[in-house]
Amino acid sequence: MEAWVHDLALASVDAPQERLIHGDRHEALARWSRRVTPAQADECLREVLSFRDGMALNVNKALALEALCLNLRRRLTRFPAQEAVPASPHQGG
């Protein structure tokens, strides 16, 4: 998961394919990267790295994984700036 999120962060800033760990999955990463802002991808990478660090500290693995999944979902379900929800043509009239 860490490598995938790392690649997502790179793809979100249009890094060259050669820099990706999963360069063979470049097309899928490009699709995902269009759904998130670079800031969201960076936040997700920080969450995954924090989870990894917690595992080294012998935290409760089940609770840490649940927290990671919830935090990733929260970070990835916010609307990215480039995909803002359009206003309804029926509003205000």
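The values are calculated or read from the model by the stated rules, or taken from the named source; none is laboratory data. None of these values were measured; they are calculated from a predicted model. Heads up, the Cβs are rebuilt from the backbone with ideal geometry, glycines too, and the neighbour counts pull from every protein chain shown. What goes into the accessible areas is simple: the full protein's heavy atoms, side chains included, and nothing from ligands, DNA or RNA. Shrake-Rupley method; radii C 1.70, N 1.55, O 1.52, S 1.80 Å.
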For the range 27-67, just say rounded, prolate or oblate: build the C-alpha gyration tensor, square-root its eigenvalues into a ≥ b ≥ c, call rounded for a/c under 1.5, and beyond that prolate if a/b exceeds b/c, oblate if not. prolate
Rounded accessible area per residue of the range 18-66, 1.4 Å, Å²: 70 Å²
For VAL48, what charge total do you get from the other residues with a beta carbon under 15 Å from its beta carbon, if Lys and Arg give +1 and Asp and Glu give -1? -1
Computed from the beta carbon distance with a Förster radius of 30 Å, FRET efficiency for ASP53 and GLU27 to the nearest 0.05 stands at 0.45
Applying the gyration tensor rule to the Cα atoms of the range 1-61 (axes a ≥ b ≥ c; rounded if a/c under 1.5, else prolate if a/b exceeds b/c, else oblate), the class is prolate
